[in-house]
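Step one of this worksheet: look at the structure below.
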Amino acid sequence: MSNMFSTDNNNNGKSPSFKTGWLAPAVTIIVIIILALNCFTLVSEGFIGVKFRLEKIVTSELKPGLNLKIPFIERIEQIDTRNQIYEFAGDAYTKDTQKVNELRLKVTYRYSQDRLSGLIRDVGIMNIQDRFLVPNVQKISKDEIGRVNAESLVQTRGEVQSRIQEKLTTELAKEGIIVTAFAIENLAFESQFEESIQAKVIAEQKALQMINITREKEEQAKQVVIAAEAEAESVLVKAEAEAQAIALIQEQIGRNAGYIEYLKIINWDGILPQVIGDGVNPFVVIGDTDRISAATNNQSADNAE
């Protein structure tokens, strides 16, 4: 019995040492793995890493990729440096107290890298919109819309949008926020007011159309006058040319009495004139000889009778 108990005691004595021999290396490996995993942080593309050491910012310029840190002492927070979007929906009033319904604004912005540490430390990334975007966008946009009449707002929407963006850019730059774009995406008025604006626009378009028609008719009338003046000028020039030609002919006749005979010769077609009858009023025929002969025979018959 004593041997049996001694044997059991020896086995029981060896079992704990056997288990302890495997436990220590396993714990060591686990600890090493945990430490290794906590030594690195992967910063994604489009983000920047901000390293905290005992919750104090050490650097805010960690680039995308694998970054080292001291386990349990340091941590790395990723901040999105890409364009952020803030949208506002509400209403406003114009200078002539017209209510702008369904006003929708959209601001695109990003953080200034030089001021990022201060924003994280003093404000917190999650609080930036409520702290800076909300009050500035509402105040500046409503102030600018309130400077113009409703009709002007419709007609000069782009100019109002540019002024709001310019002022937002100036104000938010002071806080380390860079405005990259701004848009008035929608604005609407009461249906009656919109109908009145539409009617006015239609009337102006019709008036402009009538003005264009009047100008076109005036231009056509001018063209008619110009054409008539050109024709009259042409007739005058032609008449003056003919008068000068007649004057030259008369001058030549006065200088040379044979000039008329010269004109007869150069204009003669080579056919001699035929004289029919014998009296004080002879009949002269110029042309076909057959016709002349027939006329002569008829005249002779009349004389015989």
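The values are calculated or read from the model by the stated rules, or taken from the named source; none is laboratory data. Just so it is clear, the model here is predicted, and its values are computed rather than measured. Don't worry about glycine lacking a Cβ; one is built from the backbone with ideal geometry, like all the others, and counts go over all protein chains shown. Just the protein is used for accessible areas: all its heavy atoms, side chains included, with ligands, DNA and RNA removed. Shrake-Rupley method; radii C 1.70, N 1.55, O 1.52, S 1.80 Å.
A compact table of results
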| item | result |
| --- | --- |
| In the range 153-171, the residues that are hydroxyl-bearing (Ser, Thr, Tyr) and either under 18 Å from residue 138 (Cα atoms) or touching a residue at least 12 places away in the same chain (Cβ under 8 Å) (or both) | 162, 169, 170 |
| Candidate set from the range 122-175 (those that are touching a helix residue (DSSP H, G or I) at 6+ places or on another chain (Cβ under 8 Å), open to solvent by 50 Å² or more (accessible area, probe 1.4 Å) and among the acidic types (Asp, Glu)); member that is modelled with the highest pLDDT | 171 |
| Test: residue 79 is touching a helix residue (DSSP H, G or I) at 6+ places or on another chain (Cβ under 8 Å), within 30 Å of residue 31 (Cα to Cα) and either part of a strand (DSSP E or B) or at pLDDT 90 or above (or both) | yes |
| One residue from 134, 148 being without any contact (Cβ under 8 Å) to a residue 60 or more places away in the chain and either in a helix (DSSP H, G or I) or hydroxyl-bearing (Ser, Thr, Tyr) (or both) | 134 |
| Qualifying residue in the range 1-9 (condition: at pLDDT below 85, β-branched (Val, Ile, Thr) and open to solvent by less than 90 Å² (accessible area, probe 1.4 Å)) | yes |
| Yes/no for residue 96 being in contact (Cβ under 8 Å) with a residue 12 or more places away in the chain, outside any strand (DSSP E or B) and at negative phi | yes |
| Residues of the range 82-91 satisfying the condition of being modelled with pLDDT of 90 or more and either surrounded by 15 or more Cβ atoms within 10 Å (Cβ to Cβ) or more than 30 Å from residue 146 (Cβ to Cβ) (or both) | 84, 86, 88 |
| Residue list for the range 44-72, restricted to those being open to solvent by less than 80 Å² (accessible area, probe 1.4 Å), among the hydrophobic types (A, V, I, L, M, F, W, C) and not in a strand (DSSP E or B) | 70 |
